[in-house]
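**Q** Could you have a look at this structure, given as structure tokens, before my questions?
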Amino acid sequence: MSFLDYAPAPESRAILSLRDSYGLFIDGEFVDGRGEPFQTISPATEERIAMIANANPADVDAAVAAARRAYDRTWSKMSGRDRGKYLFRIARLVQERARELAVAESLDNGKPIKESRDVDVPLVAAWFFYYAGWADKLDHAGLGANPRSLGVAAQVIPWNFPLLMLAWKIAPALAAGNTVVLKPAETTPLTALIFAEILQQAELPAGVVNIITGAGDTGAALVSHEGVDKVAFTGSTGVGRAIAKQVAGTDKKVTLELGGKAANIVFDDAPIDQAVEGIVNGIFFNQGHVCCAGSRLLVQENIHDEVVERLKLRLSTLRLGDPLDKNTDIGAINSKEQLERIRTLSDIGEAEGAERWTAPCEIPENGFWFAPTIFTGVQTSSRIARDEIFGPVLSVLTFRTPAEAIAKANNTPYGLSAGIWTDKGSRILAVADQLRAGVIWANTFNRFDPASPFGGYKESGYGREGGRHGLGAYLAPAPIGQSSTSHAAISGRASTAAVEADASAPAKRSRTAKPARTLKNATKGSKR
Amino acid sequence: MSGTSLVSARERAIAVLGGEPDDATLRRYLHGIAGVDAVGLEQRAAGLGTRSIKTSSKKWALDRIIELIDLTTLEGADTPGKVRSLVAKAVNPDPSDASTPRVAAVCVYGDMVPFAVDALGAAHGDPDDGLISVAAVATAFPSGRASLDIKLADTAEAVAAGADEIDMVIDRGAFLAGRYGLVFDQIAAVKAACARPDGTSASLKVILETGELVTYDNVRRASWLSILAGGDFIKTSTGKVAPAATLPVTLLMLEVVRDWHLATGQRIGVKPAGGIRSSKDAIKYLVTVAETVGEDWLQPHLFRFGASSLLNDVLLQRQKIATGHYSGADYVTID
């Protein structure tokens with residue numbers, strides 16, 4: 001036998017107790033949707049996992065109304081410390097149910113269990129822990145004293161990191177005192193619905209988080225709903241552009257996290273074995289379904305052949321197959337539609353004259369699969385060097401000097417992330433300084449931390465998620481005259497100042513902000 | 001077993017280096033090799049450590065681990081009796097299960113070689129033939145702080161007494177002082193001292209003592225240096241310095257061996273030693289070998305574990321697979 005044909009090591013599905021069908025999570029309860037239900041399938045086998053409710057505009061109304069009620073009556077009045085307690089509780093429950101969530105994520109999304117187990121779910125817990133800590137420290141969020149929450153946040157998330165994107169959206173929104181209506185992607189609603197059960201377990205007040213499922217029209221109805229104060233979207237640039245148009249002229253705050261075509265720049269003095277790992281991790285992590293994926297490899301021409309040779313050797317050891325097998329490196333492509341897109345763009349790459357190399361992988365009979373692929377001889381004018389493929393396809397380009405590397409890296413309508421590989425510290429700083437991208441990794445790639453802000457330049461979107469900046473996206477400064485109230489509160493003269501200032505605030509805001517402020521000041525006053 | 005012959009090793013080094021192996025040439029060469037990013041290396045090693053080896057793969061792996069062990073005793077208190085006991089364990093690791101394979105070698109101090117050879121008797125020979133080799137540590141092990149003459153005498157004596165393999169230590173002081181030429185010459189001289197009158201030669205394992213080299217860049221350079229000077233194996237540690245073998249260090253040395261193979265077509269062995277005590281850890285090493293240099297390397301002439309307590313943990317795991325339940329420490333022999 002061959003040792004490298006590792007015996008199957010499947011993670012058990014027994015830990016999952018899935019329902020046959022899931023409703024919409026509105027006002028703390030699962031309710032039937034009024035649209036036509038749809039199925040969610042496992043992209044690895046094309047088997048149905050469960051039926052999912054479809055929210056129509058009336059359901060969206062109900063969800064937004066529930067979020068508004070929860071905001072007015074409960075969440076905006078609650079102290080930051082108490083909000084933090086709920087977030088800590090959610091974080092701990094995510095940890096307790098980590099294996100279940102990982103299995104569900106791999107089943108529904110197709111990503112390898114080692115990634116959902118070691119990356120996605122631990123980061124989800126980390127995100128809730130991080131923002132739980134912020135909930136009672138909003139005065140230090142960078143917006144001055146007493147920043148106010150925005151109200152109801154409409155959040156639409158993609159299918160590549162279903163639960164992690166949920167955490168990126170919900171954790172800061174709740175910490176800042178907003179309530180939420182979230183729509184997961186049509187093909188990956190499962191973990192969001194299990195998360196809804198976790199919210200019930202955590203006894204989060206009804207309506208603070210509402211999760212509605214459906215397709216693009218549900219998302220459109222949600223973001224354009226008059227009752228929402230904030231729109232947060234992660235997904236394609238096309239949809240992001242449509243959302244930006246839709247909310248233009250309203251007073252909704254918007255953050256968009258869109259596509260990318262990141263350059264991963266390898267200089268000739270790079271730590272070569274680690275750079276090869278970084279290239280693999282950059283583009284083949286999560287089947288390349290990563291908006292910040294390092295899909296353009298810019299390698300210094302004098303080491304091009306060596307890097308490509310080593311890369312091919314390394315890719316030949318990747319294991320493609322059952323996402324639930326603990327040894328799987330490359331899982332399934334999330335949907336047939338996405339697989340078609342990857343195939344089309346790859347064919348275009350070939351037609352444009354780039355040389356295609358595909359790792360030797362056995363492709364399973366059912367499901368959606370695409371073996372790791374490298375294109376060499378790609379030019380900056382090639383479509384595979386410009387369009388986001390969102391799959392396990394790497395375009396290799398070369399450069400001669402740092403200046404050329406920077407010029408090529410920046411020559412894209414996107415600007416989400418970039419990578420730099422060199423042993424020379426001064427070069428890292430000099431190059432990073434000139435790259436127009438939101439996140440720049442040095443001698444690593446695709447590393448995430450809740451304390452670090454994440455977001456794009458240009459067509460990659462605007463606004464930041466993560467860190468203090470991500471919190472700021474869900475807050476507004478206190479209205480003029482109120483920012484000093486916290487100091488007044490300390491001296492026990494708070495209440496009058498707060499009430500006076502609130503009277504001058506816009507009607508909608510005062511309705512929501514006034515009780516919160518009075519309560520906060522009262523608490524502070526009583527302590528003194 | 002036949003190691004690389006000395007003349008070809010030196011010629012080979014000159015060809016690779018483009019000059020005599022003196023300090024300046026070696027420095028130019030070794031410092032021209034790409035650096036190592038510690039975070040990335042450790043991340044990759046950790047990733048390899050998450051492979052899940054189950055059922056038939058685990059069964060195969062456990063047997064193979066035994067076949068790759070250099071069963072070791074390196075104590076000041078070693079006696080002929082202790083060595084005989086170790087040899088008996090090497091020949092018959094699990095008296096309750098005759099299907100248990102034998103270890104690759106026993107590893108002892110030079111003065112214990114005659115007792116090991118005597119105790120092995122007919123079982124002494126090449127692990128490829130199901131027999132057991134005798135490895136001797138030499139060159140003023142573990143510190144290496146002695147004159148070259150003493151190191152060479154130490155080596156020659158062990159070979160004359162019947163040692164099949166010599167585990168030498170490099171002069172870490174000379175290496176850290178940048179005297180690469182001196183380290184090269186010493187390895188080459190010890191290699192020469194491994195020669196037997198009949199023209200064959202004992203196999204040479206070069207111990208880098210990575211715990212004293214400290215940085216991964218140093219480990220990579222010392223690996224290249226040892227291979228260039230004619231080492232048949234590169235070995236992590238003496239077991240007397242902490243940290244001894246770690247997975248990242250072993251991965252790094254395997255990468256050097258892989259690169260050397262790509263460049264020259266020659267195969268060099270790797271031996272992590274010290275600190276590998278559990279089957280679970282040892283399986284991580286097998287995975288790392290197979291996924292870095294290839295499965296071909298999982299044979300006694302190309303990979304060894306320097307270990308003592310590892311064997312018993314593997315035997316317990318084997319018994320568990322055979323019987324379906326865990327036994328306990330008293331169901332395997334202490335040595």
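Read the figures in this text as sums done on the coordinates, not as results from a lab. What you see is a predicted model, and the numbers here were worked out from it, not measured in a lab. So basically every Cβ, Gly included, is an ideal-geometry build from the backbone, and we count neighbours across all protein chains shown.
**Q** What is the fewest-to-most order of A:H140, B:H124 by other Cβ atoms lying within 10 Å of their Cβ?
**A** Ascending Cβ contact count within 10 Å gives the list A:H140, B:H124.
**Q** Considering only the other residues whose Cβ falls under 12 Å of the Cβ of A:L397, what net charge follows from Lys and Arg at +1 and Asp and Glu at -1? Walk me through the numbers on the way to the answer.
**A** Details: positive: A:K261, A:R296, A:R386, A:R400, A:K408; negative: A:E301, A:E404.
Combined, the nearby Lys, Arg, Asp and Glu give +3.
**Q** Enter the angle in degrees (range 0 to 90, nearest 10) between the Cα long axis of helix A:162-175 and the first principal axis of the Cα atoms of chain A, meaning the one along which they spread out most.
**A** Compared with the principal axis, the helix lies near 30 degrees.
**Q** Further question on the same structure: Quick one: which residues, 5+ away or cross-chain, put their amide H under 5 Å from the amide H of A:S21? H built at 1.01 Å from N.
**A** For A:S21, the qualifying residues are A:M51.
**Q** Run lengths n ≥ 4 of DSSP H only: what is the helix-derived mean residue ellipticity at 222 nm for chain B, with -39500 (n - 2.57) per run over all residues, to the nearest 500?
**A** Details: 14 runs with 159 residues, N = 335.
So the calculated ellipticity at 222 nm is -14500 deg cm²/dmol.
**Q** Right, here's the next one. Measuring from label point to label point, each 7 Å out along Cα→Cβ, what is the A:I480 to A:D5 span in nm?
**A** 7.7
**Q** For A:A371 and A:R99, FRET efficiency with R0 = 25 Å and r from the beta-carbon atoms, rounded to 0.05? All intermediate terms of the calculation are to be shown ahead of the outcome.
**A** Numbers: r = 29 Å, r/R0 = 1.15.
In this case the efficiency is close to 0.30.
**Q** Please list the non-local residues whose amide H lies under 5 Å from the amide H of A:A442, H modeled 1.01 Å from N, same-chain partners needing a gap of 5 or more.
**A** When sequence neighbours closer than 5 places are left aside, the close amide H contacts are A:I420.
**Q** For helix B:38-48, what angle does its Cα long axis make with the longest principal axis of chain B, in degrees from 0 to 90 and rounded to 10?
**A** The answer is roughly 30 degrees.
**Q** Using the alpha-carbon atoms, what tilt in degrees (0 to 90, nearest 10) does helix A:98-109 show relative to the longest principal axis of chain A?
**A** Result, in degrees: 60.
**Q** Here is a follow-up. Using r as the Cβ-Cβ distance of A:T317 and A:R73, and R0 as 45 Å, what FRET efficiency do you calculate, to the nearest 0.05? Provide the component values of the computation, followed by the final result.
**A** On the way: r = 57 Å, r/R0 = 1.26.
With a Förster radius of 45 Å, E is 0.20.
**Q** May I pose another question? Principal axis lengths of chain A from Cα atoms, whole Å, largest first?
**A** Taking max minus min along each principal axis of the Cα atoms, chain A gives 73, 54, 40 Å.
**Q** Just rank A:S224, A:S426, fewest to most, by other beta-carbon atoms within 10 angstrom. It would help to have the intermediate numbers written out before the result.
**A** Working: A:S224 18, A:S426 8.
Lowest to highest Cβ neighbour count: A:S426, A:S224.
**Q** Count charges around A:G142 for me, please; just the other residues with Cβ under 13 Å from its Cβ, Lys/Arg as +1, Asp/Glu as -1. Walk me through the numbers on the way to the answer.
**A** Values: positive: A:K137, A:R464, A:R468; negative: A:D139.
Once all neighbours under 13 Å are counted, the net charge is +2.
**Q** Using the Cβ atoms and a cut-off under 14 Å, what net charge is assigned to the surroundings of B:D259, where Lys and Arg are +1 and Asp and Glu are -1?
**A** Values: positive: A:R310, A:R314, B:R220, B:R221, B:R258, B:R267; negative: A:D273, A:E306, A:E309, B:E255.
So the environment of B:D259 carries a net charge of +2.
**Q** Which whole-Hz ³J(HN,Hα) couplings does the range B:227-234 yield from phi under the Karplus relation 6.51 cos²θ - 1.76 cosθ + 1.60, θ = phi - 60°, glycine and proline marked x?
**A** Here the 3J(HN,Hα) series is 5, 4, 7, x, x, 8, 9, 10 Hz.
**Q** How do B:E67, A:E203 line up, fewest other C-beta atoms within 10 Å first? Spell out each step's value before the answer.
**A** Details: B:E67 18, A:E203 10.
If I rank by nearby Cβ atoms, fewest first, I get A:E203, B:E67.
**Q** Quote the FRET efficiency, to the nearest 0.05, computed for A:R447 versus A:E36 with a Förster distance R0 of 41 Å and r equal to the Cβ-Cβ distance. Write down the numbers at each step before the final one.
**A** Working: r = 41 Å, r/R0 = 1.01.
According to the calculation, E is roughly 0.50.
**Q** Just for the protein assembly as shown, what percent of DSSP beta bridges are antiparallel, to the closest 5? Write down the numbers at each step before the final one.
**A** Values: 19 of 87 bridges.
The answer is about 20 percent antiparallel.
**Q** Can you give the Rg and Dmax of the range B:91-190 based on its C-alpha atoms, in angstrom?
**A** Rg, Dmax (Cα atoms, Å): 16.2, 53.
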